[in-house]
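The values are calculated or read from the model by the stated rules, or taken from the named source; none is laboratory data. Because the structure is predicted, anything quoted here is derived from the model rather than measured. Glycine gets a Cβ as well: all are built from the backbone with ideal geometry, and neighbour counts include every protein chain shown.
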């Protein structure tokens, strides 16, 4: 039925930054079904299902296959291309044909003969009840910094921030010339850049955001309600990270496409029951149901996984160090996307916690390089979006301030002795064997001091989930995960 009234009511179900979290997806399928049921008998409301990217994550094919299946199940029609849509790299040619929704980015240009060639659109028009919506995509301008160095650069060209604004505007102008006056930007640029874009661009009405993992509630002028160069309102949204939340944006446009009413609702995925159909489909895709061991007790998930003390990560690091017999283990906090709970631990749970599946290396690092890496991680407290995140460790304990300064560092040798390290004058002639993942060992995310391919002692054909599963198998008793105070954060 075509809506003949002047004002147009629109309701958008939106998601971003699920990071392959299939257990969260099972709940959001139920939320999406409730959304559909609510509007089934409301033909006067246009409904859209849109994604702002990073629903996929890591190098595991099954995890990404589930992410694609999930978006299809809930009816996503358009998805911005985030940085994690590029994680698969060597297997992406196998997963791209499964994507039936549009991948959107106005600031990425695939190179000739790239596997991404002809797979990414700059903008699309979606029609609902006779009303046309122009939808433009944008990828993060720091995409190369968030991906393994040297690989993605061979596949695509990426624009800087100002050029990105110009490219978005160019797409918007094309849509306006077609008579479309309701424009939505699917942005994976991050909240701060979204706020800038809202005020610099013309004719954009809605920015559905991602990348910075902000949880944006309600609609507040000066926070997520701004005015574009036309002087018309622009609403910005974002629904956090890891599938803990989703959003529903209710709008009312006048006949000129200007927002007259707006309501932004954040939903909590855990409030919705597990969709059993989705669960069955995802379990069949994942396949492996082997139980490796049992958790007896574990603390709650940390509020900020990039800058919080995290006993779940300590346990993982201990498994890495002990299973592969090293002095130290280091795990970037950005790699951890879940937590343990009381009960059985199987392959799907481990994949939910460590979905990237980055292979492990054993590398010789100097005392000085380790100190520099910890200092770089500590700076996350004052960096935008707390990136790259602190480093979790085994074989070390350290103190840092919540203003980003490393204050104290101790090495714990295999006999349990605590050996202080001079963080102001660390030795460059004293070396330790360190288990670390390939992403970090290649110097990504600003950890350039860890890029020493000449000092790699061993490359393992597995990721940290193997070490966890082996440790659990060897344990005669269920595991208690505790905070042993190895990382202390002070004012």
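Against the conditions (1) without any contact (Cβ under 8 Å) to a residue 60 or more places away in the chain; (2) touching a strand residue (DSSP E or B) at 6+ places or on another chain (Cβ under 7 Å); (3) closer than 23 Å to residue 108 by Cβ, residue 184 satisfies every one except (1). Within 23 Å of residue 165 (Cα to Cα), touching a residue at least 60 places away in the same chain (Cβ under 8 Å) and assigned by TED's automatic domain parsing to the domain that holds residue 194: does that describe residue 140? Spelling it out, residue 140 is indeed within 23 Å of residue 165 (Cα to Cα), touching a residue at least 60 places away in the same chain (Cβ under 8 Å) and assigned by TED's automatic domain parsing to the domain that holds residue 194.
So which residues in region 143-171 are under 16 Å from the mean Cα position of the chain (by Cα), surrounded by fewer than 19 Cβ atoms within 10 Å (Cβ to Cβ) and either free of Cβ contacts under 8 Å to residues at least 24 places away in the same chain or closer than 15 Å to residue 103 by Cβ (or both), if there are any at all?
Going residue by residue through region 143-171, those that are under 16 Å from the mean Cα position of the chain (by Cα) are 143-148.
Checking which are surrounded by fewer than 19 Cβ atoms within 10 Å (Cβ to Cβ) leaves us with 144-145, 148.
The one that is under 16 Å from the mean Cα position of the chain (by Cα), surrounded by fewer than 19 Cβ atoms within 10 Å (Cβ to Cβ) and either free of Cβ contacts under 8 Å to residues at least 24 places away in the same chain or closer than 15 Å to residue 103 by Cβ (or both): 144.
Among the residues of region 172-201, those that are under 28 Å from residue 6 (Cβ atoms) and within 20 Å of the chain's Cα centre (by Cα) comprise 185, 186. From the residues in region 115-129 that are touching a residue at least 40 places away in the same chain (Cβ under 8 Å), assigned to a loop (DSSP other than H, G, I, E, B) and in contact with a strand residue (DSSP E or B) (Cβ under 6 Å, 6 or more places away or on another chain), which one is surrounded by the most Cβ atoms within 10 Å (Cβ to Cβ)? This residue is 116. When the criteria are applied in full, residue 270 fails the requirement of being out of contact with any helix residue (DSSP H, G or I) (no Cβ under 9 Å at 6 or more places or on another chain) and either outside any helix (DSSP H, G or I) or touching a residue at least 24 places away in the same chain (Cβ under 8 Å) (or both).
Among the residues of region 328-356, those that are out of contact with any helix residue (DSSP H, G or I) (no Cβ under 8 Å at 6 or more places or on another chain) and either part of a strand (DSSP E or B) or over 21 Å from residue 302 (Cβ atoms) (or both) comprise 343, 344, 346.
Among the conditions (1) at pLDDT 95 or above; (2) outside any helix (DSSP H, G or I); (3) more than 30 Å from residue 465 (Cα to Cα), residue 79 misses just one, which is (3). On inspection, residue 97 does not qualify as surrounded by 15 or more Cβ atoms within 10 Å (Cβ to Cβ), in the same structural domain as residue 235 (by TED's automatic domain parsing), out of contact with any strand residue (DSSP E or B) (no Cβ under 7 Å at 6 or more places or on another chain) and outside any strand (DSSP E or B). Tallying residues that are in a loop (DSSP other than H, G, I, E, B) and buried (at least 17 other Cβ atoms within 10 Å of the Cβ) within region 102-114 yields 3. Would a scan of region 275-291 turn up a residue that is in the same structural domain as residue 19 (by TED's automatic domain parsing), at pLDDT 95 or above and surrounded by fewer than 14 Cβ atoms within 10 Å (Cβ to Cβ)? For region 275-291, residues in the same structural domain as residue 19 (by TED's automatic domain parsing), at pLDDT 95 or above and surrounded by fewer than 14 Cβ atoms within 10 Å (Cβ to Cβ): absent.
Go through region 181-237 and report how many residues are part of a strand (DSSP E or B) and either at pLDDT below 95 or surrounded by fewer than 17 Cβ atoms within 10 Å (Cβ to Cβ) (or both). Break it down into steps so the answer makes sense when it comes.
At the first step, the residues of region 181-237 found to be part of a strand (DSSP E or B) are 183-187, 206-208, 215, 221, 225-227, 233-237.
Still in the list and also either at pLDDT below 95 or surrounded by fewer than 17 Cβ atoms within 10 Å (Cβ to Cβ) (or both): 215, 221, 227.
The number of residues fulfilling the criteria is 3.
Within region 357-373, the residues that satisfy the criterion of being assigned to a helix (DSSP H, G or I) and either within 13 Å of residue 436 (Cβ to Cβ) or not assigned by TED's automatic domain parsing to the domain that holds residue 434 (or both) are 369, 370, 373. Counting only strands (runs of 3 or more DSSP E) wholly contained in region 375-461, the ones carrying 2 or more residues that are crowded, with 19+ Cβ neighbours inside 10 Å occupy 391-394, 396-401, 406-412, 431-437.
Only one residue in 7, 41, 64 is over 15 Å from residue 275 (Cα atoms) and under 18 Å from the mean Cα position of the chain (by Cα). Which one? Walk me through how you get there before you give the answer.
Numbers: 7 fails: under 18 Å from the mean Cα position of the chain (by Cα); 41 fails: under 18 Å from the mean Cα position of the chain (by Cα).
Residue meeting the stated conditions: 64.
In the set (1) buried (at least 19 other Cβ atoms within 10 Å of the Cβ); (2) in a helix (DSSP H, G or I); (3) touching a residue at least 60 places away in the same chain (Cβ under 8 Å), residue 34 fails one condition alone, (1).
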